[in-house]
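As structure tokens, the structure follows; a few thoughts come after it.
The values are calculated or read from the model by the stated rules, or taken from the named source; none is laboratory data. Because the structure is predicted, anything quoted here is derived from the model rather than measured. Please note: Cβ atoms are built from the backbone with ideal geometry, for glycine as well, and neighbour counts cover all protein chains shown. The accessibility values were calculated without ligands, DNA or RNA, using every heavy atom of the protein model including side chains. Shrake-Rupley method; radii C 1.70, N 1.55, O 1.52, S 1.80 Å.
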Amino acid sequence: ELPGFYYDSEKNRYFRLLPGHNNYNPLTKESIQYKAMECKRLRLLEEEEKQKKKATRAGLNSSVLLQKRQLGLLSSTSYCRLVHELKVSCMQRRKIEIRSPDSSVAGTNNFKIIAADVACERIFTVNDVEHGGCKYGIINLSGLGKESLTVEMYDNLYFTNRKVREVFSLTHFSKLCLMGIAETPGCASLLPASLFSSTNPGDRPGMLCSFKISTAWSCAWCLNPQADNCFSTGLTRRVLVTNVVTGHRQTFGTSSDVLAQQFATQTPMLYNGCRSGEIFSIDVRQRSRKGQSWKAIRLFHDSAVTSIRVLEAEYYLLAADMAGKIKLWDLRTAKCVKQYKGHHNEYALLPLHVNEEEGLLTAVGQDCYTRIWSLQDAHLLRTIPSPHPSSKDAIPSVVFSSRLGGSRGVPGLLMAVKQDLYHFSYN
């Protein structure tokens, strides 16, 4: 890079960045980089439409996998994982038609967040509203298995005049707890499980529990019986654990803002990721203490931690940061054992999506590319360009499942961008 110049790869020479007329100059580093990224995105989209994706690993095809499985060279777990890798590399994009009982509402607002219920029969949506605020909605995925690819959307369940930053959803005995964190003036909202469990989409729950919590960055719901009915919010320099039944609150002071949280299920441990790059755990059974003596496990990233996910065995923890690094930590030795390369992030709070049954890790970068890795060996399996031009307000929100639409559902990736919904289905 030369100060005051830019390099044109097509003409293979440098050009001077001249001062523009009336302080306007179309040739800036940002505009040149955006043009190059847009050309790359269009090229990748064209390649995906023209030809099928090649296998991510040499010699990986369905016939070879089946032969090895029959010869006993592959275990059932390894065979299923490699089949998912093969299918992921061949997923093809199809646009979904969204229908709504109120035809004037469907497709009028941008998707901000989507989160699936446990059975992946429906997805919970958060949509931006033009005049400010957000609204919640439900999309029924039963139409994904049909040729028409249509889904039913029931929105306007709730409306908030605040911008929703994060939605956290978990299951406990087939009941779903949804919690949303809204920006300042902040609040944590608990949405009833009947949003998903109700058989009649026309039924609207009449209760919404909201807790006023200022400067909240993250939230998590506890599923361990020893700390049942509790949720946590990550605030500016402190962690707040609230019992929704009694209203009792515990406060743990920290030295940095808490941007990411998740509870373990087998133990009442809360894992927190901070702006300083520190990751620490809290046993929520203990009372609040001063100082840092209550921190059970401490890990460190070089940049702010944006997302953490505890794996099912709870010996490992995945963490992503604002430097674009995704690391797998062994909690027993407090060491990084794997690193997933290719993720792009500079300042955004971007989530990680883990599918242990399929052996896949999915993350959407700030460059609007969706990347899928093998969870076992950190191999990058697929990079999916966004169907829309890259921008800060067009970062896709995704859901991946091998049973989208229920137990007999169609495997694949669901992607929401702007006002559109796309399905990347297995061949």
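Among the residues examined, Leu361 does not qualify as outside the structural domain of Leu45 (by the TED database), more than 20 Å from Tyr271 (Cα to Cα) and assigned to a strand (DSSP E or B). Looking only at segment 394-409, decide whether some residue is touching a His at 6+ places or on another chain (Cβ under 6 Å), surrounded by fewer than 20 Cβ atoms within 10 Å (Cβ to Cβ) and on the phi < 0 side of the Ramachandran plot. Checking segment 394-409: at least one residue is touching a His at 6+ places or on another chain (Cβ under 6 Å), surrounded by fewer than 20 Cβ atoms within 10 Å (Cβ to Cβ) and on the phi < 0 side of the Ramachandran plot.
I'd like the full set of residues that are touching a Lys or Arg at 6+ places or on another chain (Cβ under 9 Å) and among the β-branched types (Val, Ile, Thr), limited to segment 237-277. Passing the criteria: Val241, Thr242, Thr251, Thr254, Val258.
Only a single item in (1) at pLDDT 85 or above; (2) surrounded by 13 or more Cβ atoms within 10 Å (Cβ to Cβ); (3) part of a loop (DSSP other than H, G, I, E, B) is not met by Pro205, and it is number (1).
Taking segment 87-196 and the strands (runs of 3 or more DSSP E) fully enclosed by it, the elements with 3 or more residues that are of a type in the set (Val, Ile, Thr) and either at pLDDT 80 or above or over 30 Å from Leu235 (Cα atoms) (or both) are at 122-128. Looking only at segment 338-348, residues that are open to solvent by 70 Å² or more (accessible area, probe 1.4 Å) and either farther than 13 Å from Asp367 by Cα or in contact with a helix residue (DSSP H, G or I) (Cβ under 7 Å, 6 or more places away or on another chain) (or both) come to 2 in all.
Among the residues of segment 358-392, those that are under 16 Å from Leu82 (Cα atoms), in contact with a strand residue (DSSP E or B) (Cβ under 7 Å, 6 or more places away or on another chain) and not hydroxyl-bearing (Ser, Thr, Tyr) comprise Glu358, Gly359, Leu360, Leu361, Ile372, Trp373, Leu375, Ala378, His379, Leu380, Leu381, Arg382.
Against the test of being among the charged types (D, E, K, R) and over 29 Å from Leu361 (Cα atoms), the options Arg249, Arg309, Arg298 yield a single qualifying residue, Arg249.
Ala363 meets all of the listed conditions (1) open to solvent by less than 10 Å² (accessible area, probe 1.4 Å); (2) touching a residue at least 60 places away in the same chain (Cβ under 8 Å) but one, namely (2). Suppose we filter His344, His353, His388 for residues that are assigned by the TED database to the domain that holds Tyr315 and touching an Asp or Glu at 6+ places or on another chain (Cβ under 6 Å); which single one remains? None of the other options fit; the residue is His344. The number of residues in segment 211-223 that are at pLDDT below 85 and surrounded by 14 or more Cβ atoms within 10 Å (Cβ to Cβ) comes to 5.
Residues in segment 114-138 that are among the hydrophobic types (A, V, I, L, M, F, W, C) and over 17 Å from the mean Cα position of the chain (by Cα): Ala119, Val129, Cys134, Ile138.
Among the residues of segment 127-144, those identified as more than 27 Å from Gly406 (Cα to Cα) and open to solvent by less than 30 Å² (accessible area, probe 1.4 Å) are Val129, Gly132, Gly133, Cys134. Scan segment 41-63 and tell me whether some residue there is open to solvent by 40 Å² or more (accessible area, probe 1.4 Å), over 23 Å from Ala394 (Cβ atoms), outside any loop (DSSP other than H, G, I, E, B) and at pLDDT 80 or above. There is at least one residue in segment 41-63 that is open to solvent by 40 Å² or more (accessible area, probe 1.4 Å), over 23 Å from Ala394 (Cβ atoms), outside any loop (DSSP other than H, G, I, E, B) and at pLDDT 80 or above.
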